[in-house]
Amino acid sequence: MAYGIKQLNNKHTLSLASNILTAVTGLVIFAVLNRVLSLEANGVWIVFQSTYLLADTFRSGFLSTAFITFYVGRNPADALKVVGSAWYIGAVITLFFLLLSIPGYFLSQHIHDVGFSLFTKWFGLAFLASLPYLMATCILQAEERFDRLLVLRLINQFFFIAGILTFYFVGEMQIEHVVYAYIGSLLISSSYVLLSGWSKFNSIRHQTKENIQELYHFGKYSVGTILSTNLFRTIDIYVINLFLAPSAVAIYNLGLRLIEVIEIPMRSLIASGMPMMVTAFNEGKPKKVIDIMSRFIALLTIGMVPIIIGVVVLADIPIALIGGGKFVGTEAANVLRGFIIIALLYPTDRFMALTLDVIRQAKMNFYKILVMLIVNLVADVAAVYYFGSIYGIVVAAIFPVLIAIVMGYAALQSYHRFGFLHLYMNGWRDLKQTITEFRSKK
């Protein structure tokens, strides 16, 4: 199967490089926070950030997949209408959260949990500051401008860490100052995309009722898929924060955060593979859509095996490097080992979910997510009650992933029938063919 080979060698590589660089700088920020904050304060920051990202995922999840689906392949005039309509929806969602945050600011002092109190106080301003940044990332991904996407992400991360270090060296390092640095980095990034034109803000005057409805009806279901990753992790963090302690949240999050090693190639291939799948779907080629899906699943699953083995053996080293001395000897290394093994199932789960979105079966994805969330919550509470530690959360994590794969596979059968084992066999065969063709060019 020869299609897409050039893309794999070019835009996919650029997307991967972009995600690697931004993930590395993200880990640097994470390592700095682990050293300048106590375990307790670190846990508070994680609760704030997880809650904000969950709320923001509602907005980004509503827009990102729907935007790419209806933007790719359109002529310039129609594409401009899609951008303007997406801006309109994003502005409405942002205004809703901004208005909601006004009473929240005054009520925050009555909330005893510090992480939730900070979120209630500042989430409206963070939403407003990040809107142009979000719109620019959607546009750049749809246009496959991964070079600009890299620049934008690095700008955001640079000013975040600069803000943290500034507060630290002037002796004002409190948890609320981390929030100030975070919002400041979003504001600077959004200002950059507005001035550079990357966000295409002026296109909002081209929004149409038809395009708004089109994006809305697709987005109201696709948001479930995008919410899934953040929501599952956020539920885990809430359960740990409620039944254990903020320090346990910090320990758990460190082990989980290092799964970024696996998320890097997955995010980059999803970002660069989705336009290929959308094109195949628009051409009316269901077999090609499934073939692309199986190729990416095989590529990621096979490529992850040596990484998983290495992480299981050497888990204590990255924990010490990223977390610092206060995390050595905690459960963080074993949390990392557990999640890295479960991660072997992630490519199948993520690409089946992505394919359902591409073939415009986002509604099925939404129902699947609801089932997974119920299973995840019940499993988390039962596991913490039974084990009395964060290890229970790790054990519970496998159940929603298995359910997602079973339900995703069943749903895709109505689009194009394929055997589950053939999913990996076909992907492996295509992968070998690509490697052979690549070697023959040398």
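The values are calculated or read from the model by the stated rules, or taken from the named source; none is laboratory data. Not measured: the values here are computed from a predicted model. For neighbour counting, all protein chains shown are included, and Cβ atoms are generated from backbone atoms with ideal geometry for every residue, glycine included.
Details
- Candidates are the residues of segment 67-107 that are polar (S, T, N, Q) and assigned to a helix (DSSP H, G or I); the one that is farthest from residue 142 (Cα to Cα) is 101.
- In segment 273-292, residue modelled with the lowest pLDDT [restricted to those that are within 22 Å of the chain's Cα centre (by Cα) and closer than 18 Å to residue 428 by Cβ]: 273
- Scope segment 36-88; condition of a type in the set (Lys, Arg) and crowded, with 20+ Cβ neighbours inside 10 Å; matching residues: 59, 81
- The listed residue being under 18 Å from residue 230 (Cα atoms) and among the hydrophobic types (A, V, I, L, M, F, W, C), out of 319, 340: 340
- Filtering segment 80-121 to residues that are over 19 Å from residue 219 (Cβ atoms) and among the basic types (Lys, Arg) leaves only 121.
- Checklist (1) of a type in the set (A, V, I, L, M, F, W, C); (2) surrounded by fewer than 21 Cβ atoms within 10 Å (Cβ to Cβ); (3) in a helix (DSSP H, G or I) applied to residue 418, failing item: (3)
- Residue selected from segment 218-248 under the condition among the small types (Gly, Ala, Ser) and at pLDDT 80 or above, by the criterion surrounded by the fewest Cβ atoms within 10 Å (Cβ to Cβ): 245
- Comparison of 130, 199 shows that the only residue that is surrounded by 21 or more Cβ atoms within 10 Å (Cβ to Cβ), outside any helix (DSSP H, G or I) and out of contact with any Gly (no Cβ under 8 Å at 6 or more places or on another chain) is 199.
- Residues (in contact with a Phe, Trp or Tyr (Cβ under 7 Å, 6 or more places away or on another chain) and not in a loop (DSSP other than H, G, I, E, B)) located in segment 35-53: 36, 47, 48, 51, 52
- Picking from residues in segment 127-142 that are in contact (Cβ under 8 Å) with a residue 60 or more places away in the chain and over 23 Å from residue 97 (Cα atoms), the one that is farthest from the chain's Cα centre (by Cα) is 142.
- When 262, 270, 319 are screened for being under 21 Å from residue 23 (Cβ atoms), in a helix (DSSP H, G or I) and over 16 Å from the mean Cα position of the chain (by Cα), only 319 passes.
- Flag if residue 102 is among the hydrophobic types (A, V, I, L, M, F, W, C), at pLDDT 85 or above and surrounded by fewer than 16 Cβ atoms within 10 Å (Cβ to Cβ): yes
- The set of residues in segment 337-383 that are assigned to a helix (DSSP H, G or I), modelled with pLDDT under 90 and of a type in the set (Lys, Arg) comprises 350, 363, 368.
- Yes/no for residue 318 being surrounded by 23 or more Cβ atoms within 10 Å (Cβ to Cβ), of a type outside the set (Gly, Ala, Ser) and out of contact with any Lys or Arg (no Cβ under 6 Å at 6 or more places or on another chain): no
- Conditions (1) touching a Lys or Arg at 6+ places or on another chain (Cβ under 9 Å); (2) under 17 Å from residue 57 (Cα atoms); (3) surrounded by fewer than 20 Cβ atoms within 10 Å (Cβ to Cβ): number failed by residue 92: (1)
A quick yes/no check of all residues on (1) of a type in the set (Phe, Trp, Tyr); (2) touching a residue at least 40 places away in the same chain (Cβ under 8 Å); (3) under 19 Å from residue 352 (Cα atoms); (4) assigned to a loop (DSSP other than H, G, I, E, B):
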{"site": "215", "(1), (2), (3), (4)": "no, yes, no, no"}
{"site": "239", "(1), (2), (3), (4)": "no, yes, no, no"}
{"site": "252", "(1), (2), (3), (4)": "yes, yes, no, no"}
{"site": "256", "(1), (2), (3), (4)": "no, yes, no, no"}
{"site": "266", "(1), (2), (3), (4)": "no, yes, yes, no"}
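- Some residue of segment 139-153 being part of a helix (DSSP H, G or I) and under 30 Å from residue 241 (Cβ atoms): yes
- Verdict on residue 295 being over 16 Å from the mean Cα position of the chain (by Cα), at pLDDT below 85 and in a helix (DSSP H, G or I): yes
Per-residue answers, yes or no, for (1) closer than 15 Å to residue 132 by Cβ; (2) among the polar types (S, T, N, Q):
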residue: 173; (1), (2): no, no
residue: 180; (1), (2): no, no
residue: 190; (1), (2): yes, yes
residue: 196; (1), (2): yes, yes
residue: 213; (1), (2): no, yes
residue: 220; (1), (2): no, no
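- Scanning segment 100-114 for residues that are farther than 26 Å from residue 65 by Cα and either within 21 Å of the chain's Cα centre (by Cα) or of a type in the set (A, V, I, L, M, F, W, C) (or both) turns up 102, 106, 107, 111, 114.
- Filter result (out of contact with any Asp or Glu (no Cβ under 6 Å at 6 or more places or on another chain) and either modelled with pLDDT under 90 or loosely packed, with under 15 Cβ neighbours inside 10 Å (or both)) within segment 384-399: 384, 385, 386, 387, 388, 389, 391, 392, 394, 395, 397
- Failed criterion for residue 406 (all others in (1) within 17 Å of the chain's Cα centre (by Cα); (2) at pLDDT 90 or above hold): (1)
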